[in-house]
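Every number in this text was worked out from the coordinates using simple rules, so none of it is lab data. All of these numbers come straight from a predicted model, not from anything done at the bench. Here Cβ is always computed from backbone atoms with ideal geometry, including for glycine, and neighbour counts include all displayed protein chains.
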Amino acid sequence: MIVTIDRMGCVSCGACWNICPELFDQNHCDSFSEIIEEYRYSGNLAEGVIPDTLCSSAEEAAFLCPVNIIRICL
Ligand code: SF4
C-alpha cells in the first residue's frame, strides 16, 4: 500500500505520529508530518510504501487526521 501526505495542509496535531510512529514523524524544519525515511518512496517526505505490518495503524492515522490529508491506496 502507498501512503501520501498533503504536507502543506498539515496542522501538526500529532495524531499520525502518535498512532503510527513507525511510519510518521514530525519534520524538524517545518513541523509538518513526514514519512519515516526507511519507508519513503524515492526519498519523498510526503510519499511512502507501507509494510504489511503497519497497514492497520496507518489506516487508523489516516482516519483520525483532523484535516483529512493522509491518503492510502493500493
Ligand atoms: S494527523 Fe494530519 S494534521 Fe495531524 S500531524 Fe498528522 S498529517 Fe498533520
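Kirkwood hydrodynamic radius computed over segment 2-73 comes to 11.6 Å, based on all pairs of distinct alpha carbons.
The Cβ shell under 15 Å around Cys55 holds other residues with a net charge of -3, Lys and Arg each +1, Asp and Glu each -1.
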